[in-house]
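Contents: one structure, followed by commentary.
The values are calculated or read from the model by the stated rules, or taken from the named source; none is laboratory data. For clarity, every value in this text was computed on a predicted model and none was experimentally measured. All Cβ positions, glycine included, derive from the backbone under ideal geometry; neighbour counts span all protein chains shown.
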Amino acid sequence: MQQMLREWLKIRNMHLFFPYLIATICAILFVIILIQRAIKCKKEGTPFINFKGYHFFKEGYDKVKLWGSVILFILYIITLPILHFAWTSVIFIFLFNVLFEIKPGKLFEFKSLLISAVIAFAGSWGVWYLFYQVFNITLP
Amino acid sequence: MLLNIGLALLGTAVGIIFGAIPGMTATMAVAVFLPMTYAFSLVPALYLLLGLYVGGISGGLIPAILINVPGTPSSVCTGFDGYPMARRGESERALKIGITASFFGGMISLIVLAFLTPPLAKMAIKFSAIEKFLIILFAMTVIAALSKGSMTKGVFAGFLGVLLSLVGELSMNNKMRMVPDFLKTELRSGFQLLPLLIGLFAIAQMFQEAEKGMQSNNLEEGVTVEGAKKFSFSDFKGQWVNVIRSSLLGTFMGILPGVGGSAASLIAYSQTKSFSKHPELMGKGAPEGLIASESSNNGLTGGALVPLLSLGIPGDATTAVLIGAFLLQGIQVGPLFIDQHPEIWNQILLALVTCNILMFIVMFFPIKLISQVVKVRSARMYPVILLMCIVGAYATRSGVMFDVWCLLLFGIVGFVMNKIGLPTAPFLIGFILGGDLEKYFIEAVKGNNYDLAVFFQRPIALVIWALIAIFLGYSIWDNMKGGTLEKMGVKD
């Protein structure tokens, strides 16, 4: 064991020792999880892999809001270096507010849009002023 | 004196803001304000910086309780019980319990700092890489304690977190591992903790709420804030042992250089669960879990100053920045500091008392207003949280856009993990502790002729092994008992 450790922890390959060790432990634990599941399924008489009735997302989930938020997030990050923090944030925080406020049958309400705009402006410029101007923290 | 109190107040208030924003830390607050201390002599500078330190550590409890996003890594355990309390409408009570526990933690660590600095520093220096490795291993036992009902999955998630923490360059031989060629620059120092933490908790939760349609606020269905249990100091009845034990654990972890606040909070939480009369309630909104976490992470503030002032070794990242304040004033901290500068030493103690009292006043009284955040509808709250998260992630390394992409990546990872039933808290704990686990293991083994027996030879190591065995054994027994009760149809 001592010799093996000496070999593994030589300066040229010591960076691989822990990743291999932890990956092995993860693999063993994964096998144990599978065995536990197999035993449970056998006891309950259910199939090991059962996609029937399985839904990754909640049934009737809000597709617009979930996928909309992922897409808006990606666009937000892409736009940040182009328009910089304050203006990008005003646009995207407004869009996030609008997206999350969408109700079935009522896409846009004037009052809701107004509140979204106020939150986007006040939030983005407030954060920009506090962190960039007052605390001198780097912002995108 | 008025200037000192004014600066302490400013420091505490700004520190709380930094602590409360996910991604911003006490270290960042101290670093930002360090250049400002050029304008002051050492004592006012210390009032300001210690205020930032105490405020920065304490502020982390606010988002942890209100939105289940730890404001700082050391408040990871605060959300385990604080957030379920907030969901029950008890946000004000949870915040007040957290603030009071933080105050006690800070004051207890201060007493330790005042009376035991020289002997504790001498003891801490005896802790070699062997004991530090075992302490990190001990902190990892909280994974088992947190994974009741699905221990294998919890431990698996924990080790996945450890594996992820190893991505990047190992500083001991400057070689990269598990990094694709096109990300060699971005991942040289691996994934950063703060984007991972915020992504895993805040962004994943935003996606979950979006999936549900952003219909409600954070309160459980049918719950109102008005009808919820209110805070009273009697919440601490029967908790004094917990407060003192957790504060001392936090202080001691602070004394050990390089062990860190997250380990302190995790060990205190795990101990409290083991000693609790109702361990089954922990993680479901038990005030004792919240008290353990908050008193231990504030206990750290005094503890981390022990090695700094008596040995010249910083106990954590924030005290490493604090050294800069002493150097700016031409003062060398080290074994002779207390004897050579008794007046500064007394001022440091006074500054810490002042900052802890100010932290309590600044947070306790306006908290009723802040606690109303739970009433804000998710649709309006999450865009603002997202804005803060972007700022926090980007500021982690002073302007690396890759960290913002990581925010999204770990948001998706957290969402998927929740879907497939892999717990995210053990994953995060594994990530936090993984790097230190590897570092101290290699140091210990290399420094002792590659002999694994060294981990069982020193008396302190044997005590830590015994503690690990006891708490692992307890967690396994508790897990099996839970399984048996489940089979019998009895719910906790």
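Considering only residues of segment B:377-397 that are in a helix (DSSP H, G or I) and not aliphatic (A, V, I, L, M), which is surrounded by the fewest Cβ atoms within 10 Å (Cβ to Cβ)? Reasoning before the result, please.
Filtering segment B:377-397 down to residues in a helix (DSSP H, G or I) leaves B:378-395.
Still in the list and also not aliphatic (A, V, I, L, M): B:378, B:380, B:382-383, B:389, B:392, B:394.
Numbers: B:Ser378: 22, B:Arg380: 18, B:Tyr382: 25, B:Pro383: 28, B:Cys389: 27, B:Gly392: 28, B:Tyr394: 26.
Per the criteria, the residue is B:Arg380.
Only one residue in B:Leu467, B:Leu433, B:Leu408, B:Leu437 is surrounded by 16 or more Cβ atoms within 10 Å (Cβ to Cβ), among the aliphatic types (A, V, I, L, M) and under 20 Å from B:Asn68 (Cβ atoms). Which one?
Checking each option against the conditions leaves just B:Leu408.
Just give me the residues in segment B:29-67 being among the aromatic types (Phe, Trp, Tyr) and either free of Cβ contacts under 8 Å to residues at least 40 places away in the same chain or buried (at least 24 other Cβ atoms within 10 Å of the Cβ) (or both), in sequence order. Let's see the steps before the verdict.
Going residue by residue through segment B:29-67, those that are among the aromatic types (Phe, Trp, Tyr) are B:33, B:38, B:40, B:47, B:53.
Listed by number, the residues that qualify are B:Phe33, B:Phe40, B:Tyr47, B:Tyr53.
For residues that are among the aromatic types (Phe, Trp, Tyr) and either out of contact with any Leu (no Cβ under 8 Å at 6 or more places or on another chain) or surrounded by fewer than 22 Cβ atoms within 10 Å (Cβ to Cβ) (or both), tally how many sit in segment B:112-137.
Restricting attention to segment B:112-137, the residues satisfying the condition of being among the aromatic types (Phe, Trp, Tyr) are B:115, B:127, B:133.
Checking which are either out of contact with any Leu (no Cβ under 8 Å at 6 or more places or on another chain) or surrounded by fewer than 22 Cβ atoms within 10 Å (Cβ to Cβ) (or both) leaves us with B:115, B:127.
So the answer is 2.
Could you list, in sequence order, all residues of segment A:19-31 that are within 7 Å of chain B (Cβ to nearest Cβ) and not small (Gly, Ala, Ser)?
Selection gives A:Pro19, A:Ile22, A:Ile25, A:Cys26, A:Leu29, A:Phe30.
B:Leu369 versus (1) under 30 Å from B:Lys229 (Cα atoms); (2) within 14 Å of chain A (Cβ to nearest Cβ); (3) over 22 Å from the mean Cα position of the chain (by Cα): which is the lone unmet condition?
For B:Leu369, the exception is condition (2).
It is to be established whether one or more residues within segment B:361-368 are outside any helix (DSSP H, G or I), in contact (Cβ under 8 Å) with a residue 60 or more places away in the chain and of a type in the set (A, V, I, L, M). Give the steps one after another, and end with the answer.
Here is the first cut: in segment B:361-368, the ones outside any helix (DSSP H, G or I) are B:365-366.
Imposing the further condition that a residue be in contact (Cβ under 8 Å) with a residue 60 or more places away in the chain reduces the set to none.
Scanning segment B:361-368 turns up no residue that is outside any helix (DSSP H, G or I), in contact (Cβ under 8 Å) with a residue 60 or more places away in the chain and of a type in the set (A, V, I, L, M).
Do we have any residue at all in segment B:26-37 that's among the polar types (S, T, N, Q), within 14 Å of chain A (Cβ to nearest Cβ) and closer than 20 Å to B:Gly299 by Cα? Please lay out each step first, then the result.
Step one: list which residues in segment B:26-37 are among the polar types (S, T, N, Q), which gives B:27, B:37.
From the residues that got through so far, the ones that are within 14 Å of chain A (Cβ to nearest Cβ) too are B:27.
Checking the rest, the ones that are also closer than 20 Å to B:Gly299 by Cα come to B:27.
Yes, segment B:26-37 contains a residue that is among the polar types (S, T, N, Q), within 14 Å of chain A (Cβ to nearest Cβ) and closer than 20 Å to B:Gly299 by Cα.
Are any residues in segment A:63-77 within 17 Å of B:Ile203 (Cβ to Cβ), at the interface with another protein chain (Cβ under 10 Å from one of its Cβ atoms) and of a type outside the set (Phe, Trp, Tyr), and if so, which ones?
So in segment A:63-77, the residues within 17 Å of B:Ile203 (Cβ to Cβ) come out as A:65-77.
Filter again for at the interface with another protein chain (Cβ under 10 Å from one of its Cβ atoms), leaving A:65-70, A:72-74, A:76-77.
Correct list: A:Lys65, A:Leu66, A:Gly68, A:Ser69, A:Val70, A:Leu72, A:Ile74, A:Ile77.
So, restricting to helices (runs of 4 or more DSSP H) that lie completely within segment B:77-195, which ones have at least 1 residues that are more than 14 Å from chain A (Cβ to nearest Cβ) and closer than 14 Å to B:Asp436 by Cα?
Working: elements: B:78-87, B:91-125, B:129-146, B:151-165.
Those helices (runs of 4 or more DSSP H) span B:129-146.
Residues checked against (1) in contact with a helix residue (DSSP H, G or I) (Cβ under 9 Å, 6 or more places away or on another chain); (2) facing another protein chain (nearest Cβ under 7 Å):
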residue: A:Leu5; (1), (2): yes, yes
residue: A:Phe17; (1), (2): yes, no
residue: A:Ile33; (1), (2): yes, yes
residue: A:Gly45; (1), (2): no, no
residue: A:Phe48; (1), (2): yes, no
residue: A:Phe85; (1), (2): yes, no
residue: A:Leu95; (1), (2): yes, no
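Return only the number of the condition from (1) at pLDDT 85 or above; (2) at the interface with another protein chain (Cβ under 9 Å from one of its Cβ atoms) that A:Val90 does not satisfy.
It fails just one condition, (2).
Assess whether B:Leu290 counts as being in a helix (DSSP H, G or I) and over 17 Å from B:Gly82 (Cβ atoms). Break it down into steps so the answer makes sense when it comes.
Numbers: in a helix (DSSP H, G or I): yes; over 17 Å from B:Gly82 (Cβ atoms): no.
Here the answer is no, as B:Leu290 does not meet what is asked.
Take segment B:327-352 and flag every residue that is part of a helix (DSSP H, G or I) and surrounded by 15 or more Cβ atoms within 10 Å (Cβ to Cβ).
Of the residues in segment B:327-352, the ones part of a helix (DSSP H, G or I) are B:327-328, B:337-340, B:342-352.
Correct list: B:Leu328, B:Phe337, B:Ile338, B:Ile344, B:Trp345, B:Gln347, B:Ile348, B:Leu349, B:Leu350, B:Ala351, B:Leu352.
May I ask you to list the residues in segment B:374-389 that are within 14 Å of chain A (Cβ to nearest Cβ) and either basic (Lys, Arg) or touching a residue at least 40 places away in the same chain (Cβ under 8 Å) (or both)? Spell out the reasoning first.
Of all residues in segment B:374-389, those within 14 Å of chain A (Cβ to nearest Cβ) come to B:376-389.
Hits for segment B:374-389 are B:Val376, B:Arg377, B:Ser378, B:Ala379, B:Arg380, B:Met381, B:Tyr382, B:Ile385, B:Leu386, B:Met388, B:Cys389.
Mind checking which residues of segment B:15-28 are more than 14 Å from B:Val391 (Cα to Cα) and crowded, with 22+ Cβ neighbours inside 10 Å? It would help to see each step written out before you state the result.
First pass over segment B:15-28, keeping only residues more than 14 Å from B:Val391 (Cα to Cα): B:15-16, B:26-27.
Once the filter is applied, which keeps residues that are more than 14 Å from B:Val391 (Cα to Cα) and crowded, with 22+ Cβ neighbours inside 10 Å, segment B:15-28 yields B:Gly15, B:Ile16, B:Ala26.
Is it the case that segment B:390-413 has a residue that's away from every other protein chain (no Cβ under 11 Å), touching a residue at least 60 places away in the same chain (Cβ under 8 Å) and at negative phi?
To start, the set of residues in segment B:390-413 that are away from every other protein chain (no Cβ under 11 Å) comprises B:410, B:413.
Those still in the list that are touching a residue at least 60 places away in the same chain (Cβ under 8 Å) too: B:410, B:413.
The next check asks that each one be at negative phi; those that pass are B:410, B:413.
Checked segment B:390-413: at least one residue is away from every other protein chain (no Cβ under 11 Å), touching a residue at least 60 places away in the same chain (Cβ under 8 Å) and at negative phi.
What are the residues in segment B:253-284 that are surrounded by fewer than 24 Cβ atoms within 10 Å (Cβ to Cβ), of a type outside the set (Asp, Glu) and not in a loop (DSSP other than H, G, I, E, B), if any?
Answer for segment B:253-284, where residues must be surrounded by fewer than 24 Cβ atoms within 10 Å (Cβ to Cβ), of a type outside the set (Asp, Glu) and not in a loop (DSSP other than H, G, I, E, B): B:Gln271, B:Ser274, B:Phe275, B:Pro279, B:Leu281.
Looking only at segment B:442-462, filter to residues that are aliphatic (A, V, I, L, M) and free of Cβ contacts under 8 Å to residues at least 24 places away in the same chain; which one of those is farthest from the other protein chains (Cβ to nearest Cβ)?
In this case the residue turns out to be B:Leu462.
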